[in-house]
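Enquirer: Quick one: the structure is below, and I'll ask about it shortly.
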Amino acid sequence: NFKILEHIINNDKYKNRRLHPNEQSFLIYVINKCIKSCFSFSKKEAEKINHNYFEAFKKLSFPVIGVDEASDFHIIDLIAIHSLSDLDVSSVSYSGDIMQRLTEGGIRKWKDLKTFIKAFEEKTLHISYRQSPTLLEIAGKINKYATGEEAEYMSNMEKNNNEPKPLLYENNNELEKIYWISERIIEIYNAYDRSIPSIAIFLENESEISEFADKLGELDELADIGISVKACNNGEVLGDRNTVRVFSIKYIKGMEFEAAIIHNIHKIKEHHSKQEMIMKSFYVALSRASFYL
C-alpha cells in the first residue's frame with residue numbers, strides 16, 4: 001500500500017523516527033530471507049555481493065542456535081532469530097513451557113511457527129524431574145483450567161503418602177501471616193535434621209520484598225537457630241547457607257527450590273487484568289517448589 005507507505009515515510013516522518021522492537025525483528029527476518037534467497041539462486045554470485053547486510057549475515061549467522069524460555073518471545077522475535085541460522089547447517093531449538101509465558105506478547109502455540117519455518121518439528125517432554133507427584137498434580141489442574149487441555153507430563157518419582165501436602169493459610173493480619181511462615185520454615189528446618197534446604201518466598205511486587213524480608217528476619221524464632229532472610233532484589237540468586245530468600249515472582253523463572261511459599265497470593269490477581277496471566281503467574285510460582293508449597 002504505497003499511499004500508507006508514503007504517509008509513514010514523508011508526511012509523518014518526524015513522528016516515526018523510532019522502530020518498534022517488533023518492526024525491527026520483522027525487518028531482520030525480511031532482510032535475512034532475501035539474503036538466503038540470493039544464495040539459493042546462486043551461491044557463487046551471492047558471495048560476490050559487497051553489502052553491509054550480507055556482511056552482517058555472514059558474521060552473525062550460526063549453525064546451532066538455542067533459545068530457552070522461548071514462550072516469552074513474540075512470534076516475530078522467534079522467526080527473526082531463526083533467520084540467523086546458517087545457510088548450510090541449520091539447527092534451531094526453542095524450549096519452554098507455554099504455561100510459563102509471563103509476557104502479554106509471548107507465543108501462544110508452538111504450531112504457529114509452522115507458517116514461517118518449513119522444517120519444523122515439535123517435541124514434548126513427558127517426564128518432570130523437578131516436582132513431587134502431589135505438586136505436579138496441582139500444576140496439571142491449573143494447566144487444564146488455564147488452557148482447557150490435559151497436561152501431558154508426569155513425575156519421575158513414585159507417589160508417596162509421606163509427601164508434604166500443600167498448605168494454605170488465610171488471615172488479614174500481616175504480622176500473623178509472617179509468624180505462620182516462620183513456623184513453616186522451622187518445621188522444614190527440623191524435617192531436614194536442623195538444617196534448611198533451599199527455601200524461597202515469592203511476592204508479587206518487587207517493591208515489597210525488602211520490607212517483608214526485614215520483618216521476617218527480625219523474628220527471634222528464626223534468629224535463635226541461625227536462619228537469616230535475604231531480599232533478592234531483581235532476581236539476585238546468591239545466598240549463604242541457612243538463608244531463606246525472598247523474590248518477586250517476575251524473576252523466578254528457571255529457579256528451583258525444595259520449598260516455596262507464595263505470600264499474599266491474592267495480589268497476583270490485583271496485578272493482572274487477564275485471567276490467563278493470573279493463572280500463569282500462579283503456575284510459575286508453584287512449579288518452582290520440589291516438595292513443600
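Enquirer: Looking at the range 143-161, which of its residues are in contact with a Gly (Cβ under 9 Å, 6 or more places away or on another chain) and either basic (Lys, Arg) or on the phi > 0 side of the Ramachandran plot (or both)?
Expert: Hits for the range 143-161: nothing passes.
Enquirer: Consider ARG108 carefully, then state whether it is open to solvent by less than 40 Å² (accessible area, probe 1.4 Å), under 30 Å from LYS274 (Cβ atoms) and charged (D, E, K, R).
Expert: Spelling it out, it is not the case that ARG108 is open to solvent by less than 40 Å² (accessible area, probe 1.4 Å), under 30 Å from LYS274 (Cβ atoms) and charged (D, E, K, R).
Enquirer: Is it the case, given these coordinates, that ASN32 is open to solvent by less than 40 Å² (accessible area, probe 1.4 Å), in contact with a helix residue (DSSP H, G or I) (Cβ under 8 Å, 6 or more places away or on another chain) and either modelled with pLDDT of 90 or more or assigned to a loop (DSSP other than H, G, I, E, B) (or both)?
Expert: Details: open to solvent by less than 40 Å² (accessible area, probe 1.4 Å): yes; in contact with a helix residue (DSSP H, G or I) (Cβ under 8 Å, 6 or more places away or on another chain): yes; either modelled with pLDDT of 90 or more or assigned to a loop (DSSP other than H, G, I, E, B) (or both): yes.
Yes; evaluated as a whole, the condition is true for this residue.
Enquirer: Of the residues that sit in the range 111-136 and are β-branched (Val, Ile, Thr) and either open to solvent by 40 Å² or more (accessible area, probe 1.4 Å) or in contact (Cβ under 8 Å) with a residue 60 or more places away in the chain (or both), which one is farthest from PHE291 (Cα to Cα)?
Expert: Among those that are β-branched (Val, Ile, Thr) and either open to solvent by 40 Å² or more (accessible area, probe 1.4 Å) or in contact (Cβ under 8 Å) with a residue 60 or more places away in the chain (or both), it is THR115.
Enquirer: Within the range 41-81, restricting attention to residues that are among the polar types (S, T, N, Q) and either under 21 Å from LEU113 (Cβ atoms) or in contact (Cβ under 8 Å) with a residue 24 or more places away in the chain (or both), which residue is surrounded by the most Cβ atoms within 10 Å (Cβ to Cβ)?
Expert: SER71
Enquirer: Looking at the range 89-119, which of its residues are assigned to a loop (DSSP other than H, G, I, E, B) and either among the hydrophobic types (A, V, I, L, M, F, W, C) or modelled with pLDDT of 90 or more (or both)?
Expert: Keep residues of the range 89-119 that are assigned to a loop (DSSP other than H, G, I, E, B), which gives 89-90, 95-97, 101-109, 116-119.
If the condition is that a residue be assigned to a loop (DSSP other than H, G, I, E, B) and either among the hydrophobic types (A, V, I, L, M, F, W, C) or modelled with pLDDT of 90 or more (or both), then VAL89, SER90, SER95, LEU102, ILE107, PHE116, ILE117, ALA119 are the ones that fit.
The values are calculated or read from the model by the stated rules, or taken from the named source; none is laboratory data. On a predicted model such as this, the values are computed, not experimentally measured, just so you know. Here the Cβ is made from the backbone with ideal geometry for all residues, glycine too, and neighbour counts use every protein chain on show. These area figures cover heavy atoms from the full protein model, side chains too; ligands, DNA and RNA do not enter into them. Shrake-Rupley method; radii C 1.70, N 1.55, O 1.52, S 1.80 Å.
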